[in-house]
Ligand code: PMP
């Protein structure tokens with residue numbers, strides 16, 4: 001019988017889908033690696049399981065222990081699946097910027113959710129970085145995952161996502177583009193692809209309000225780049241150890257409005273019901289289209305599902321409140337007219 005012994009065995013081997021409409025101004029072939037086909041509906045299932053397995057292997061996580069992580073939701077979902085199947089407790093520390101759906105979903109799979117303010121310094125004791133660390137110290141058999149600096153994060157993408165992309169494109173990929181948060185996806189996939197073919201270009205998508213692009217271009221960590229923004233999952237106010245700038249050829253920044261509008265366009269023009277950072281990724285690619293030619297094969301990775309943004313991006317009242325649209329949206333043409 002072809003059965004998975006548990007839900008964790010269904011992680012990975014996600015499909016790659018050609019984009020045909022939203023990319024009409026791009027001279028290259030554009031393929032989307034659609035990560036919402038993972039059981040927790042995001043790419044982060046891969047690294048969550050790998051981080052848990054590596055921590056079990058070297059004793060950082062002991063039987064019956066508590067997994068503690070600061071997570072915007074997707075990593076938490078992946079950790080929750082691992083925790084349920086393997087019998088651990090899970091505490092997710094999350095910022096108040098995150099969608100209510102994400103918090104409810106985490107609670108539905110057994111996680112305890114602790115909410116922290118977004119607009120405080122990372123070193124502030126109220127920040128979700130500080131609260132996660134404190135809880136890990138105070139909780140007996142607590143293990144602080146720290147996806148930002150945990151090397152198993154990039155390693156999972158080096159071992160799985162990278163080889164899948166290489167095989168699905170039969171080694172013909174010329175460019176890879178993806179939103180960058182902890183950096184695990186771009187660094188793991190980028191390292192694997194560059195080892196296979198150093199000519200493959202690796203592009204990161206950043207947000208306004210984040211430090212990555214400026215740091216890559218100048219080597220300067222500029223605090224003036226940091227301010228709050230709406231896009232979830234990408235951009236940082238710190239430099240995570242998982243961002244390997246050596247395998248990244250460059251960054252482009254996408255506005256919150258463009259991310260939201262292009263996320264809606266992906267649903268309406270391609271039938272891809274993806275999350276906001278996927279809107280950032282496809283808009284980032286459009287911003288770089290002049291660097292592409294007809295023989296190029298670009299892979300863009302879509303991290304998660306639109307279902308986590310029903311109350312936000314896929315809610316016209318919310319979109320209007322933010323000033324991202326002025327009219328009702330039911331077709332892609334409505335989005336263009338806004
Ligand atoms: N998009 C979404 C929706 C995410 O949850 C994440 C993870 N923070 C990313 C993009 C960025 O991925 P990574 O952390 O691997 O850079």
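Every number in this text was worked out from the coordinates using simple rules, so none of it is lab data. Here the structure is a predicted model, which is why all the values come from computation and not from measurement. Reconstructed Cβ throughout: ideal geometry from the backbone, glycine too, with neighbour counts over all protein chains shown.
Figures for the structure shown
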item: Degrees separating the helix 184-196 axis from the principal Cα axis of the chain, which is the longest one; result: 60 degrees
item: Rounded to whole Å, sorted largest first: equivalent-ellipsoid semi-axes of the chain, Cα gyration tensor; result: 29, 23, 20
item: Residue order, fewest to most surrounding Cβ atoms within 10 angstrom, among 333, 113, 205; result: 333, 113, 205
item: Cα gyration tensor category, rounded, prolate or oblate, for the stretch 1-150 with a/c compared to 1.5; result: oblate
item: Normalised contact order of the chain, rounded percent, pairs of Cα under 8 Å and 6 or more residues apart; result: 19 percent
item: Two-decimal ratio, the stretch 2-74, of alpha-carbon radius of gyration to 2.2 N^0.38 Å; result: 1.52
item: Nearest-0.05 FRET efficiency for residue 58 and residue 141, computed from C-beta distance (R0 22 Å); result: 0.90
item: Relative contact order (percent, whole number), the stretch 111-255, Cα cutoff 8 Å, 6+ residue spacing; result: 24 percent
item: Part-to-part distance (alpha-carbon centres) for the stretch 296-326 and the stretch 224-253, which is given in Å; result: 19 Å
item: Over the stretch 126-261 - Rg/Rh using Cα atoms and the Kirkwood inverse-distance radius; result: 1.01
item: Helix axis angle, 74-86 relative to the chain longest principal axis, alpha carbon, degrees; result: 40 degrees
item: Centre separation in Å (Cα based) which lies between the stretch 35-91 and the stretch 140-213; result: 18 Å
item: Within the chain, percent of DSSP bridges classed antiparallel, to nearest 5; result: 15 percent
item: Between helix 256-270 and the chain: long-axis angle, C-alpha atoms, 0 to 90°, nearest 10; result: 70 degrees
